[in-house]
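To start, the structure under review is shown below, and the notes come after it.
The values are calculated or read from the model by the stated rules, or taken from the named source; none is laboratory data. These numbers come from a predicted model, not from an experiment. Cβ atoms come from the backbone with ideal geometry, glycine included; neighbour counts cover every protein chain shown.
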Amino acid sequence: MAISVVCPNGHDLKIKDKYAGRKGLCPKCNAVVDVPQLTPAISEQAVIELLGPASPRDSDSLPVHQDEKHRTKVDDDDSTVTGASSVLLPKAKICPKCRNQISATYHVCPHCRTYFDESAEFGRVTRPDCPVCGTACLPGDISCAACGTDLRRFR
């Protein structure tokens with residue numbers, strides 16, 4: 001990868017990474033050019049270290065707008081969401097560490113402070129409604145629990 005530099009006389013230059021932090025001459029006008037140091041990309045591990053260890057879960061550690069009664073847990077056995085109200089956001093993530101359902105817009109779990117890489121999609125959950133009766137169904141459901149409609153016909 002090359003470093004882009006503009007010499008004092010306005011010439012655009014592409015400098016090899018191995019010359020980072022050095023001075024050189026512009027090949028067009030022989031002006032002295034300072035090549036900046038490379039800035040390392042921030043790794044996921046660095047973000048996790050910055051966040052620190054997860055704090056113990058208690059109701060005081062939740063954001064002000066989120067009560068204990070609104071927490072959502074996902075059971076590992078049947079992949080169902082329990083403890084949730086019937087009105088949910090259309091898209092949510094399931095934290096792979098604490099298994100709480102969180103908003104799809106979060107990049108850090110508010111419960112256990114686990115960092116989510118933007119390229120990874122952890123447990124993306126959608127809540128489709130039954131096209132016949134409108135009951136909220138789970139993504140893996142074959143039939144509606146309320147009216148028995150075969151949901152595979154509508155996917």
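Look through segment 1-54, keep the residues that are assigned to a helix (DSSP H, G or I) and of a type in the set (Val, Ile, Thr), and return whichever of them is nearest to CYS112 (Cα to Cα).
ILE48
Taking segment 103-142 on its own, how many of its residues are modelled with pLDDT of 75 or more, in a strand (DSSP E or B) and farther than 17 Å from VAL47 by Cβ?
3
Given the criteria at pLDDT below 80, over 15 Å from CYS109 (Cβ atoms) and surrounded by 12 or more Cβ atoms within 10 Å (Cβ to Cβ), does THR80 qualify?
Criteria met by THR80.
Can you name the number of the only condition in (1) modelled with pLDDT of 55 or more; (2) surrounded by fewer than 12 Cβ atoms within 10 Å (Cβ to Cβ); (3) among the hydroxyl-bearing types (Ser, Thr, Tyr) that TYR19 fails?
(2)
For ARG57, which of the numbered conditions (1) surrounded by 10 or more Cβ atoms within 10 Å (Cβ to Cβ); (2) at pLDDT 90 or above fails to hold?
(2)
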